[in-house]
Amino acid sequence: MKVKPKEKTPRRRAFRLVGLGLILFGCFIRVMDPYPVRMTRLIYFDILQRAMPREYNPDLPVRVLDIDEKSLANWGQWPWPRTLLAQMVENLGEYGAAAIAFDMLFAEPDRYSPVRLLNDPALAGVVTVEDHAQKMDYDVLFGLEVANWPVVMGTAARLSDEGNQVSPTAGIIEIGENPTAGLISVPYWTPIAAPLDRSTAGIGGVNVSPLGGTGIVRRVPVLWGGPSGPMPGLGIEALRVAIGAPFILAEGASDEEGIMLAVELGDFRLPTTENGEVWIRYRHDQPELYLSADDVMQTPDDPDLRAEIEGRIILIGTSAAGLFDMHLTSLGESVPGVSIHAQMLEQIFTGEMLSRSDVTAALELLSFVLLGLIVIAVMSSFGAVASFVAGGAAAGVVLGTSWLAFQNQLVLFDVTFPLMGGMANFGMLAGYLFVSTEREKREIRQVFSHYVAPEILDEMEVSGHRLQLGGETQEITVMFSDIRGFTPLSESVSATDLVALLNELFSQVGDQILKERGTIDKFIGDAVMAFWNAPLPVEDHPCRAARAALLMRKALTEFNASDVMRGRPPIALATGCATGQACVGNIGSRSRFNYTVIGDVVNVAARIEQSCRHVEYDILVSSSVHRLARQDLAMLEAGFVDLKGKSDLEAVYALVGDKTVLDSPEFRKLSIAHGDLVVAMRDRQSHVRIEKMCQRCAMMAKEIEPGLQRFYLSLPGRTADFRSDVQSSQVVFSHHGRERQSSA
């Protein structure tokens, strides 16, 4: 019967409709621009700046006079008397500063003025001054000095209306439809103490972000909206005073009110956001930008200092830790707020102004739509892999365009939203394919779960349902572990309880095997078989198998102490491990097969496990395991044992512990004593001497591994297992036996 394939066109049409719906939803999200979308965009802009920060140019006419820790140490704690500040202004003016801008507030009268100290009730009768100084006001002296030089005073935004109203000294000329209506608004400005408000050449806002703003400073307002009209920022006002411009030109949109486009000041033009902010293109903070206030206060006339000040705008701020004026930049650096004003002035002088317009935002949205359409079209026609390649190529084009736009034009083009939109479309369609594939897998599992193990089903899924008979030869480590004393236990509990008990025991034992990356082959009654290094390669597989045996020993101790075994005889395990070549693969008939191992190493491991009763120890390993893992495990020679079906005797070793036990001083002593004991048995020394040596080793082993005591107590009866001539005679006997059989 020929089965007609399902029609793909309806599913393809559904793919495309859902994809288009996702694109429309994404456009709606972008227009709403929620906080996560904005923050992702801003973080990407920070990455662009960190990848290519602005270079510092020491020739630019901007410097910061830093009231640093050294200045505070030499001139006293802040605030300083206004007489010191007057001296600072005078020194800066005489050095030829083009403008002196204070990134600090003078909201209150100077408390150090004699006229105020005498009026302080707390100091009445304590402070006395000469008659001619009783009416001296340091604010008046400071104001007189400020009036002589191009000084800009700072004011800060505040929420309460206290003190006199602050009016800007700069004239603002507006072009367009009332562009200053959309400026970031400040409820009130911090007043400037008289007579400084009348003496200063300019007043500017010191804030670098709106009230309540925290985190990274990415944009700085050039103009603020205030109760007395637009107020320039400190940096732009310092520039106006430095070049002697009487006004600032605010350029706005001609067809829409409250949209700021740019600010012009003399020959400088600053593109702004619609609310009057400037994107700061940061550079790394440079020590060369800063001058110490202590140097200006102490040096009468220094040619080097004059070269740094003359003709430059001097911004006075602080980097002292206790004055709390540090801000985080897009480069991840914490800098003084005055440094941000300085960096804004630097980029005005260099013309390196970052820009981002509505056209840029529209192009970002268009990129999002195009990426979504590419993903939908390619995946619905050619599948997920082709869609991933095509979408990745388109995303690379968008990312490259963004980088080139920033590198060459200083345009901030966001790629995060277009890329996330493309990935969302890809994820949606890939999810559909995943659901379809999972449905097919469930159908296959439902059919085959009655015939094969779940592990084989997993391999069928990985290999594309192309399992076949056969295997490959490789080195593996095999473990057999059997319950000792199972018969008495089975006689003491019902069959139902016995099955539940075995299930719980094998669960705990199997967990230890899986923890060491082993593969559980099968459970055989009261025994378990596992192997390592297949189907996936496992480094140090002999060591891992041995460690699994040690973990099983520990898990068994906890199992015997659990409530399940209360009132029942304890269970013991006998475990044997061997390493060798084996055929690993799918073995069985064409209609039904198992993933297992076949080889002599399997028989060796099984026979070593059976030898645990003869050796009187619970974990034995072959000589191959000992050879490959002796640097990481504590093992002791346990003699030669006769393995059923093997012509030669097999050397086995008792596994005592892990690397910690191996490196312990106690085991080193035991190992030396054990070696002496083995030599004594091979040299056929007296039975009495061997018994004493066994007792001594048993006492030493008590604190290391209590199970070794039975091992040592049985050694006097097993001295022949350690003699090399026993193995050779056994080999001769085996050969003679085979010859006799051949003759018969």
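Among the residues of region 333-366 satisfying the criterion of being in a helix (DSSP H, G or I), over 33 Å from the mean Cα position of the chain (by Cα) and of a type in the set (S, T, N, Q), which is surrounded by the fewest Cβ atoms within 10 Å (Cβ to Cβ)? Here the answer is Thr350.
Looking at Val369, is it surrounded by 21 or more Cβ atoms within 10 Å (Cβ to Cβ), at pLDDT below 90 and more than 19 Å from Ile47 (Cβ to Cβ)? So Val369 fails the test.
Looking at region 721-744 only, could you name the residues that are at pLDDT 55 or above, surrounded by 12 or more Cβ atoms within 10 Å (Cβ to Cβ) and in a helix (DSSP H, G or I)?
Matches in region 721-744: Asp721, Phe722.
Applying the selection to region 163-197, what residues are among the aliphatic types (A, V, I, L, M) and over 17 Å from Glu257 (Cα atoms)? Answer for region 163-197, where residues must be among the aliphatic types (A, V, I, L, M) and over 17 Å from Glu257 (Cα atoms): Val166, Ala170, Val186, Ile192, Ala193, Ala194, Leu196. Among the residues of region 705-717, the ones that are within 24 Å of Arg553 (Cβ to Cβ) and without any contact (Cβ under 8 Å) to a residue 60 or more places away in the chain come to 5 in all. Between Glu251, Glu274, Glu264, Glu288, the distinction of being at pLDDT 90 or above and in a helix (DSSP H, G or I) belongs to Glu288 only. Here Ala320 fits the description: in the same structural domain as Val152 (by TED's automatic domain parsing), modelled with pLDDT under 90 and in contact with a helix residue (DSSP H, G or I) (Cβ under 7 Å, 6 or more places away or on another chain). Filtered by the rule that a residue be under 39 Å from the mean Cα position of the chain (by Cα) and among the hydroxyl-bearing types (Ser, Thr, Tyr), region 203-244 gives Ser209, Thr214. Of the residues making up region 197-238, those that are surrounded by 15 or more Cβ atoms within 10 Å (Cβ to Cβ) and within 22 Å of Leu144 (Cα to Cα) are Asp197, Ser199, Thr200, Ala201, Gly202, Ile203, Gly204, Leu234, Glu237, Ala238. Screening Ile316 against (1) under 27 Å from Ile248 (Cβ atoms); (2) assigned to a helix (DSSP H, G or I) leaves a single unmet condition, (2). Taken together, the criteria exclude Pro187 from residues that are touching a helix residue (DSSP H, G or I) at 6+ places or on another chain (Cβ under 6 Å), in the same structural domain as Met104 (by TED's automatic domain parsing) and over 27 Å from Gln343 (Cβ atoms).
Ile184 - would you say it is of a type outside the set (Asp, Glu) and under 45 Å from the mean Cα position of the chain (by Cα)? When the stated conditions are applied, Ile184 passes them. Among the candidates Leu315, Leu331, Leu410, single out the residue that is within 26 Å of Leu92 (Cα to Cα) and either modelled with pLDDT under 90 or in contact with a Lys or Arg (Cβ under 8 Å, 6 or more places away or on another chain) (or both). Checking each option against the conditions leaves just Leu315. With a requirement of 3 or more residues that are more than 18 Å from Gly93 (Cβ to Cβ) and of a type in the set (A, V, I, L, M), the strands (runs of 3 or more DSSP E) lying completely within region 131-212 that satisfy it span 171-175. Residues that are surrounded by fewer than 19 Cβ atoms within 10 Å (Cβ to Cβ), under 17 Å from His284 (Cα atoms) and not hydroxyl-bearing (Ser, Thr, Tyr) within region 52-80 comprise Met52, Pro53, Glu55, Asn57, Pro58, Asp59, Leu60, listed in sequence order.
Scanning region 520-539 for residues that are in contact (Cβ under 8 Å) with a residue 40 or more places away in the chain and either surrounded by 17 or more Cβ atoms within 10 Å (Cβ to Cβ) or assigned to a strand (DSSP E or B) (or both) yields a total of 11.
For the residues Glu237, Glu257, the requirement of being part of a loop (DSSP other than H, G, I, E, B), in the same structural domain as Trp149 (by TED's automatic domain parsing) and among the charged types (D, E, K, R) singles out Glu257. Considering only region 372-390, state which residues are surrounded by 15 or more Cβ atoms within 10 Å (Cβ to Cβ) and of a type in the set (Phe, Trp, Tyr). Once the filter is applied, which keeps residues that are surrounded by 15 or more Cβ atoms within 10 Å (Cβ to Cβ) and of a type in the set (Phe, Trp, Tyr), region 372-390 yields only Phe388.
The single condition among (1) exposed (fewer than 13 other Cβ atoms within 10 Å of the Cβ); (2) modelled with pLDDT of 80 or more; (3) not in a helix (DSSP H, G or I) that Ala393 does not meet is (3). Just one of (1) modelled with pLDDT of 90 or more; (2) farther than 22 Å from Gly485 by Cα; (3) part of a helix (DSSP H, G or I) fails for Leu514. It is (1). Condition first: closer than 30 Å to Pro150 by Cα, in the same structural domain as Met153 (by TED's automatic domain parsing) and modelled with pLDDT under 85. Can you find one or more residues in region 343-359 that meet it? For region 343-359, residues closer than 30 Å to Pro150 by Cα, in the same structural domain as Met153 (by TED's automatic domain parsing) and modelled with pLDDT under 85: absent. Counting only helices (runs of 4 or more DSSP H) that fall entirely inside region 19-121 and contain at least 1 residues that are outside the structural domain of Ala405 (by TED's automatic domain parsing) and in contact with a Lys or Arg (Cβ under 8 Å, 6 or more places away or on another chain), the qualifying elements are 114-118.
The values are calculated or read from the model by the stated rules, or taken from the named source; none is laboratory data. Because the structure is predicted, anything quoted here is derived from the model rather than measured. In this analysis, Cβ positions are derived from the backbone assuming ideal geometry, glycine residues included, and neighbour counts consider all displayed protein chains.
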